[in-house]
Amino acid sequence: MNKLDIKSMYITELEGFLKDKGYPAFRAKQLYQWMHEKYVASIDEMTNIPKNLKEDIEKSGFVTINEELRQESKKDGTIKFLYRMHDGQMIETVFMRYSYGNSICISSQAGCRMGCRFCASTIGGLIRNLTASEMLEQVYMTMRLTGERISNIVVMGTGEPLDNYDNLIRFIRIISDEKGYNISQRNITVSSCGIVPNIKRLADEDLTITFALSLHGTTDEERKELMPIAHQYSLKETIDCCKEYFDKTGRRLTFEYSLVKGKNDSPDHALRLAKLLKGINCHVNLIPVNPISERDFRPGDRESIEKFKFLLEKNSINGTIRRSVGSDIDAACGQLRRKHRSNSQEEADAI
């Protein structure tokens, strides 16, 4: 964005910005509360902010996003939102209701350049990174639309979070700031396909988030077939980096494993996975792959998935099978955005 983005500023940065414009320091606290504690949709809602400051904010930049489309599951109440940003780019956000509270899965990029073959998000490549404010707005806008508070945040939607590192860290620190929304960092999960240097950087950030590595294979060859990032960083290098992450943070790791029928879901795969993760304080999240039209990947049957989990647990590796939510809507990463873009292109071609 060409304008300053005050919603992406830390409160100390906001204080400096306002001081340069001749405003007293207490105005920064007021603005910060309106944006991050009350998460207002517009400057006009800031009732104790003087008109001249509102005009300066308008000129400097106040990021909002707009709802383009939503799909709501009739089975479990999951809602998938398609949001339009200031430049017309679309991002997806998924709101999920659980017995322990509401969770949200947010996007970190418009598109993705990682190229994981089972994911619709990567088809079309990366368009741009999201700013911290655009990540924040997915949380705030979703709460405004649903009227419900969010207790858990997963950065696992469109995009690779560690490929947008600086904006990701800024988002985490602002959303967990006690002067703002004040969500516990322990209720934030960041998922990555495995950019090793940035996993190491993340370990040094003094955060208490949960880190999840998308593993999806038990050998370099298997990962290379599914995930291009495996050509850059070996499985040993990636696993060793995860061990270092635990040693520095003390936070249990999550390994995500998408089960693709005939590719990585056999009993032998389960045993190799258990051997690979032996001795690591971790949890394995088993994910029956979501079919997408552009790829010929399908999930196995329930019996084979349960057997995979049983073999892990028999070998002292904790695992759960991710509960399928939103199965009657386009709930997998990138599906709704891609469908909307295709429909819009078809309409344009018909004119």
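Looking only at segment 213-240, which residues are of a type outside the set (D, E, K, R), outside any loop (DSSP other than H, G, I, E, B) and buried (at least 20 other Cβ atoms within 10 Å of the Cβ)? Show your work before the answer.
Step one: filter segment 213-240 for residues of a type outside the set (D, E, K, R), giving 213-219, 226-235, 238-239.
When the remaining residues are screened for being outside any loop (DSSP other than H, G, I, E, B), the result is 213-214, 226, 228-231, 235, 238-239.
Within segment 213-240, Leu213, Ser214, Leu226, Ile229, Ala230, Thr238 qualify.
Please give the strands (runs of 3 or more DSSP E) falling wholly within segment 72-121 in which 1 or more residues are of a type in the set (D, E, K, R) and more than 15 Å from the chain's Cα centre (by Cα). Before the answer, list the steps.
Details: elements: 79-84, 90-98, 101-106, 109-111.
Correct list: 79-84, 90-98.
Each row is one residue, and each column tells you yes or no for (1) assigned by TED's automatic domain parsing to the domain that holds Glu256; (2) farther than 30 Å from Lys74 by Cα; (3) surrounded by fewer than 23 Cβ atoms within 10 Å (Cβ to Cβ); (4) modelled with pLDDT of 95 or more.
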site	(1), (2), (3), (4)
Asn129	yes, yes, yes, yes
Met141	yes, no, yes, yes
Leu145	yes, no, yes, yes
Ser151	yes, no, yes, yes
Val155	yes, no, no, yes
Ser176	yes, yes, yes, yes
Ala203	yes, yes, yes, yes
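Return the residue satisfying two criteria in turn: it lies in segment 27-57 and is surrounded by 12 or more Cβ atoms within 10 Å (Cβ to Cβ) and of a type in the set (Asp, Glu), and of such residues it is farthest from Gly88 (Cα to Cα).
Glu37
Taking segment 157-172, which residues are surrounded by 18 or more Cβ atoms within 10 Å (Cβ to Cβ) and either outside any helix (DSSP H, G or I) or free of Cβ contacts under 8 Å to residues at least 24 places away in the same chain (or both)?
Gly157, Thr158, Gly159, Glu160
Name every residue in segment 243-276 that is touching a residue at least 24 places away in the same chain (Cβ under 8 Å), surrounded by fewer than 16 Cβ atoms within 10 Å (Cβ to Cβ) and more than 20 Å from Leu226 (Cα to Cα), in order of residue number.
Lys243, Glu244, Lys248, Arg252, Lys275, listed by residue number.
Considering each residue of segment 276-332, count those that are part of a loop (DSSP other than H, G, I, E, B), more than 23 Å from Val190 (Cβ to Cβ) and at pLDDT below 95, and give that number. I'd like the intermediate steps shown before the answer.
Filtering segment 276-332 down to residues part of a loop (DSSP other than H, G, I, E, B) leaves 278-281, 289-301, 315-318, 322-332.
Then drop every residue that is not more than 23 Å from Val190 (Cβ to Cβ), which leaves 278-279, 291-301, 315-316, 327-330.
Remaining after also requiring at pLDDT below 95: 291-301, 327-330.
The number of residues fulfilling the criteria is 15.
Please state which one of Ile79, Ile57 is touching a residue at least 60 places away in the same chain (Cβ under 8 Å), at negative phi and in contact with a helix residue (DSSP H, G or I) (Cβ under 8 Å, 6 or more places away or on another chain). Quick ask: steps written out before the conclusion?
Values: Ile57 fails: touching a residue at least 60 places away in the same chain (Cβ under 8 Å).
Testing whether each residue is touching a residue at least 60 places away in the same chain (Cβ under 8 Å), at negative phi and in contact with a helix residue (DSSP H, G or I) (Cβ under 8 Å, 6 or more places away or on another chain) leaves just Ile79.
Looking at His269, His231, His216, can you tell me which residue is farther than 30 Å from Asp177 by Cα, assigned by TED's automatic domain parsing to the domain that holds Ile174 and in contact with a Leu (Cβ under 7 Å, 6 or more places away or on another chain)?
Numbers: His269 fails: in contact with a Leu (Cβ under 7 Å, 6 or more places away or on another chain); His231 fails: in contact with a Leu (Cβ under 7 Å, 6 or more places away or on another chain).
Selected residue: His216, the only one of His269, His231, His216 that is farther than 30 Å from Asp177 by Cα, assigned by TED's automatic domain parsing to the domain that holds Ile174 and in contact with a Leu (Cβ under 7 Å, 6 or more places away or on another chain).
When you go through Thr64, Thr12 one by one, which is the residue that is closer than 21 Å to Ile174 by Cβ, surrounded by fewer than 19 Cβ atoms within 10 Å (Cβ to Cβ) and within 20 Å of the chain's Cα centre (by Cα)? Can you show your working first?
On the way: Thr12 fails: within 20 Å of the chain's Cα centre (by Cα).
Selected residue: Thr64, the only one of Thr64, Thr12 that is closer than 21 Å to Ile174 by Cβ, surrounded by fewer than 19 Cβ atoms within 10 Å (Cβ to Cβ) and within 20 Å of the chain's Cα centre (by Cα).
The values are calculated or read from the model by the stated rules, or taken from the named source; none is laboratory data. In this text the structure is predicted, and so the values were computed from the model without any measurement. Note that each Cβ is placed from the backbone with ideal geometry, even for glycine, and that neighbours are counted across all protein chains shown.
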